[in-house]
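Asks: My questions will all concern the structure given below.
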Amino acid sequence: MYEIGGKHIARAAAASLIGGIAMGLAWGFIGATFSFGFFLIFLGAGLGYAFTRMMEFATRGKRGPVIIGFAVAGILIAWGMQFLFVPAGLARIQVVAAGVAIYMAYANLK
């Protein structure tokens, strides 16, 4: 479960990049409308769950620090894309959702 080969690293990197872009697009459209207060925690939890499942699917259930790192990278890509869709002030507030997502991915993939 924790032994990761080059094939798994490549698949995790691809899932992180593609998932980060796709989730960033979806998050941008959702975040432009519903980014306020307590809702950000639920948005982050959903994002963390989605990246956990993407990493598990891409690596066939592998876990550990390397996989967590790729999940975090994908979440940060998705958050960074917010600056393309929503005003910069709102994108900065959405760091709360990104933080919750990173914690969820960490907790599920450790």
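The values are calculated or read from the model by the stated rules, or taken from the named source; none is laboratory data. All of these numbers come straight from a predicted model, not from anything done at the bench. All Cβ positions, even for glycine, are placed from backbone atoms using ideal geometry, and neighbour counts span all protein chains on display. Accessible surface is based on the protein model in full, side chains and every heavy atom, while ligands, DNA and RNA are left aside. Shrake-Rupley method; radii C 1.70, N 1.55, O 1.52, S 1.80 Å.
Asks: Work out from phi, with θ = phi - 60° and the Karplus expression 6.51 cos²θ - 1.76 cosθ + 1.60, the ³J(HN,Hα) of each residue of segment 58-63, listed in order in whole Hz, and give x for Gly and Pro.
Replies: Per-residue couplings from phi come out as 5, 9, 6, x, 5, 9 Hz.
Asks: For the chain, what relative contact order do you get, as a whole percent, if you take Cα pairs closer than 8 Å and at least 6 residues apart?
Replies: Numbers: 143 pairs, mean separation 46.7, N = 110.
Relative contact order for the chain comes out at 42 percent.
Asks: So, with a 1.4 angstrom probe, what is the percent of accessible area on segment 1-81 that is carbon and sulfur?
Replies: Of all accessible area on segment 1-81, carbon and sulfur atoms account for 77 percent.
Asks: Take residue 30 and residue 13, extend 7 Å from each Cα along the Cα→Cβ direction, and tell me the distance between the two endpoints in nm.
Replies: 2.8
Asks: Per residue of the chain, what 222 nm ellipticity follows from adding -39500 (n - 2.57) for every DSSP H run with n ≥ 4, rounded to the nearest 500? Let's see the in-between values first.
Replies: Numbers: 6 runs with 91 residues, N = 110.
-27000 deg cm²/dmol, from helical runs alone.
Asks: Further, regarding this structure: Given +1 on the Cβ of Lys and Arg, -1 on the Cβ of Asp and Glu, and no further charges, what dipole in debye does the chain carry about its Cα centre, rounded to the nearest 20?
Replies: Result for the chain is approximately 240 debye, rounded to the nearest 20.
Asks: Given [x] 48, 38, 28; [y] 54, 27, 20; [z] 41, 22, 16, which label gives Cα extents along the principal axes in Å as computed from the coordinates?
Replies: Evaluating Cα extents along the principal axes in Å on these atoms matches [z].
Asks: With a 1.4 Å probe and every protein chain left in place, work out the accessible area per residue of segment 70-110 in Å², rounded to a whole number.
Replies: 48
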